[in-house]
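Presented below is the structure to which this report refers.
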Amino acid sequence: MDRTAALSSEMLIGSRWVDVSEGGTMDHINAVTGKVQKSFPIASIGEVNEAVLAAREAFKTWRRWQPDQRRDVLRRVAQLLTERADDIGIVCSLENSAPYSSFNALHTAQWYEYYAGWADKITGQSIRAYPSIGLDYTIPEPVGVVAALITWNGPLGFCGMAVAPALAAGCCVVIKSPELAPFSPVTFAQICLEAGIPPGVVNVVAGGPEVGDSLIRHPGVDKVTFTGGTETAKKLQAACSDTLTPLVMELGGKSANIVFEDADIPRSIQLAARFTGNNGQGCSLPTRLLVHESVYDEVVSGVVALAEKVVVGDPFEPGVTMGPVISEQACDRILGMIKRAVAAGATLLTGGERLGGSLADGFFIPPTILGDVDVNAEIAQEEIFGPVLCVIRFTTEEEAIEKANATRFGLAAYAQTNNFARAQRLIDALEAGNVQINSSGPGPVSVASPFGGVKQSGYGRQGSEEGIREFLSIKNVLINS
């Protein structure tokens with residue numbers, strides 16, 4: 001069955017669909033087969049400029065839409081995403097080889113339902129500190145044109161998480177789709193136009209680092225929202241320094257999941273096995289498992305048993321729960337890290353080799369677990385972005401906290417304990433933007449929950465009221481008496 005007809009590869013600039021570009025084309029490789037799936041156009045510098053100018057022109061009108069108008073059109077986006085969730089799921093699985101599901105579209109719809117509700121609730125405040133001076137009040141205004149650089153491990157979801165609050169605030173956006181998964185942002189843009197969002201409010205360009213660099217350096221861009229790796233973020237921050245363009249950055253993670261001796265052990269084992277979610281390619285996945293020495297053997301053997309039951313294969317095959325990693329380069333990098341970890345003294349408990357047989361042409365790595373990993377080892381410090389779990393032993397609560405925090409990342413942290421007082425101590429001590437007790441996420445608790453990191457996991461928040469405030473600028477007004 002040829003499903004590639006579901007893939008749209010054009011760019012959207014204003015009202016113009018671009019399928020032939022001066023920037024040339026790029027091939028998309030299907031991670032299941034290792035073969036070219038479809039080519040897509042790459043934006044030229046001129047087309048990036050055209051997209052920003054289209055957004056600036058549309059902003060003049062979009063920002064003046066009545067709040068209830070924006071509310072209703074964003075709800076229409078949510079409705080269309082929901083109605084077409086099954087078909088959109090095909091696009092999502094084809095572009096990044098996650099197991100087929102309607103979840104991505106339905107979850108993205110939730111972002112639009114939620115932020116549609118915020119569109120008519122953005123208010124300022126009256127300031128009464130010195131009433132004799134006059135009428136002093138604030139007006140929240142949209143920041144303007146937003147460059148949205150989204151990542152490949154869930155591009156449709158990030159069209160909700162990063163873009164929905166910007167649109168609800170009255171901003172226009174230029175989305176740079178990820179070169180490794182460029183198709184669902186196009187599908188999303190089609191839905192936006194059909195829902196009634198005016199041309200130019202949502203634009204989509206494709207390309208690699210050069211396109212992203214030209215976009216964020218553009219003087220017509222007022223804010224950048226970026227989801228991706230820490231090293232890329234450092235380059236973006238340097239590029240934005242010339243124009244002092246502000247950023248929202250949701251970056252990498254190396255999230256610890258601490259299992260104490262007083263935890264519900266069977267449930268903790270189930271939660272620990274979530275490291276394989278999205279083919280192991282998630283920034284907040286619980287990739288470091290810290291286990292108290294008294295339950296270490298029981299927990300580790302249980303997680304290994306669950307990992308070995310994961311069905312790896314073609315994401316469209318019934319029963320498959322994990323697909324390949326995104327690329328040959330990623331596959332080689334992950335296997336290299338595993339090899340070096342074993343050489344450094346870690347114990348390979350399961351997995352660790354590229355799968356062969358009928359899966360040999362794809363980029364398949366089975367769930368891999370490494371035991372007794374040193375907290376300072378490369379594999380415990382660097383983001384793997386693959387289905388690999390590092391297990392670390394601890395003795396005391398203080399040691400667990402120290403080891404959990406012993407990373408430059410701070411996106412999420414998880415702990416399994418039935419001791420309420422201990423849970424409160426952990427919430428205070430763990431250095432992460434998101435802490436979950438007796439859960440292991442991953443990702444935001446809900447669209448109404450703020451999500452983001454500390455340390456080198458980024459800054460700013462997505463989700464909740466905090467998410468929409470990232471795209472508002474506060475103007476103070478004084479009318480002298």
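The values are calculated or read from the model by the stated rules, or taken from the named source; none is laboratory data. What you are looking at is a predicted structure, and each value in this text was computed from that prediction instead of being measured. Note: ideal-geometry Cβ built from the backbone for every residue, glycine included; neighbour counts use all protein chains shown. Just so you know, the surface numbers come from the protein's heavy atoms only, side chains and all, with ligands and any DNA or RNA stripped out. Shrake-Rupley method; radii C 1.70, N 1.55, O 1.52, S 1.80 Å.
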Checklist entry - Using a basic spin-label model with each label point 7 Å from the Cα along Cα→Cβ, how many nm lie between Asn376 and Ala406? => result 0.8 nm
Checklist entry - Given only helices, namely DSSP H runs of n ≥ 4 each adding -39500 (n - 2.57), what is the per-residue ellipticity at 222 nm of the chain, to the nearest 500 deg cm²/dmol? => result -10500 deg cm²/dmol
Checklist entry - Just for the chain, what percent of DSSP beta bridges are antiparallel, to the closest 5? => result 40 percent
Checklist outcome for this item: When the charge dipole of the stretch 99-233 is computed with +1 on Lys and Arg Cβ and -1 on Asp and Glu Cβ about the Cα centre, the Cα farthest towards its positive end, among Gly196, Met161, Ile139, belongs to Ile139
Checklist entry - Local charge sum around Glu47 (other residues, Cβ-Cβ under 10 Å, Lys/Arg +1, Asp/Glu -1)? => result -1
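Under a point-charge model restricted to the Cβ atoms of Lys and Arg (+1) and Asp and Glu (-1), what is the dipole moment magnitude of the chain relative to its Cα centre, in debye to the nearest 20? Mind dumping the intermediate values first?
Details: 38 positive and 53 negative charges, 228 e Å.
It comes to approximately 1100 debye.
Just to make sure I understand: if all protein chains stay in place, what is the order of Thr33, Thr321, Thr151 by accessible area at 1.4 Å, largest first?
Details: Thr33 60, Thr321 80, Thr151 20 Å².
Result, largest first: Thr321, Thr33, Thr151.
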Checklist entry - What angle do you read, to the nearest 10 degrees and between 0 and 90, between the alpha-carbon axis of helix 85-96 and the longest principal axis of the chain? => result 70 degrees
Checklist entry - So, in Å, what gap is there between the alpha-carbon centers of the stretch 110-125 and the stretch 331-400? => result 42 Å
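With a 1.4 Å probe and all protein chains left in place, how much of the accessible area of the stretch 400-481 comes from carbon and sulfur atoms, in whole percent?
Numbers: 1850 of 3640 Å².
Looking at the stretch 400-481 in its full context, I get 51 percent from C and S.
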Checklist entry - Helix 420-429: angle to the longest alpha-carbon principal axis of the chain, degrees 0 to 90, nearest 10? => result 60 degrees
Checklist outcome for this item: The helix 45-62 Cα axis meets the longest alpha-carbon principal axis of the chain at an angle in degrees, between 0 and 90 and rounded to 10, of 60 degrees
Item to check | Hypothetical label at Gln270: residues of the stretch 430-449 whose amide nitrogen lies under 15 Å (7 Å Cα-Cβ projection) | outcome: 438-442
Item to check | From the coordinates shown, Rg and Dmax of the Cα atoms in Å corresponds to which of [x] 22.6, 74; [y] 23.1, 81; [z] 21.5, 65 | outcome: [y]
Checklist entry - How many angstrom separate the Cα center of the stretch 170-191 from the Cα center of the stretch 64-91? => result 14 Å
Checklist entry - Carbon and sulfur: what percent of the stretch 79-137's accessible surface (1.4 Å probe)? => result 53 percent
Checklist entry - So what is the accessible area of the chain per residue, in Å², with the probe set to 1.4 Å? => result 40 Å²
